[in-house]
Amino acid sequence: MLYIAHKVFLGKEGRPLVNQDFYAELCGPVMPMLFFKLSSYGKNPIENIFSGYSNLNPSLERDALDEAYRSIYHLSDDEAVKLCRKPDGAYIITLDLKKALPIHNCDIEAEYHLSQ
């Protein structure tokens, strides 16, 4: 969901939602720091890892997160993954089967505009 929100924010605001790169991994777009934090839970439920942050007040960032949530909450896992794996999308054009590469924000933003 964060990757989708990042794409929405880049497309609408022309600047990144998060200041870390997403990488094209075989499993999909991954932000390494977040991935490692979440993978430490294994099969256990994930607690609120954002508890140190106050609730997001109405903002452009909150709007992007809300739009991303609305676009996927009703989808199956497979359908949600397909949103990140469009044939000409930033993830697919970056994917290298031998190593993880950063997905360039300009490609993510271009994908947003192509989908509008």
Free of Cβ contacts under 8 Å to residues at least 60 places away in the same chain, out of contact with any Ser or Thr (no Cβ under 8 Å at 6 or more places or on another chain) and of a type in the set (D, E, K, R), is that true of D77? yes
Mind checking which pairs have a first residue in region 91-104 that is within 17 Å of F35 (Cα to Cα) and a second that is part of a loop (DSSP other than H, G, I, E, B) and modelled with pLDDT of 95 or more, Cβ under 6 Å, 6 or more apart or different chains? P102/D21
Is it fair to say I46 is exposed (fewer than 12 other Cβ atoms within 10 Å of the Cβ) and among the β-branched types (V, I, T)? yes
Can you confirm whether E111 is outside any loop (DSSP other than H, G, I, E, B), at pLDDT 90 or above and surrounded by fewer than 14 Cβ atoms within 10 Å (Cβ to Cβ)? no
Which residues, taken from region 2-16, are surrounded by fewer than 21 Cβ atoms within 10 Å (Cβ to Cβ) and more than 10 Å from the chain's Cα centre (by Cα)? G11, K12, E13, G14, R15, P16
For region 1-41, which positions are free of Cβ contacts under 8 Å to residues at least 40 places away in the same chain and among the small types (G, A, S)? S39, S40
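The values are calculated or read from the model by the stated rules, or taken from the named source; none is laboratory data. Note that the structure is a prediction, hence the values are computed from the model and not measured. For neighbour counting, all protein chains shown are included, and Cβ atoms are generated from backbone atoms with ideal geometry for every residue, glycine included.
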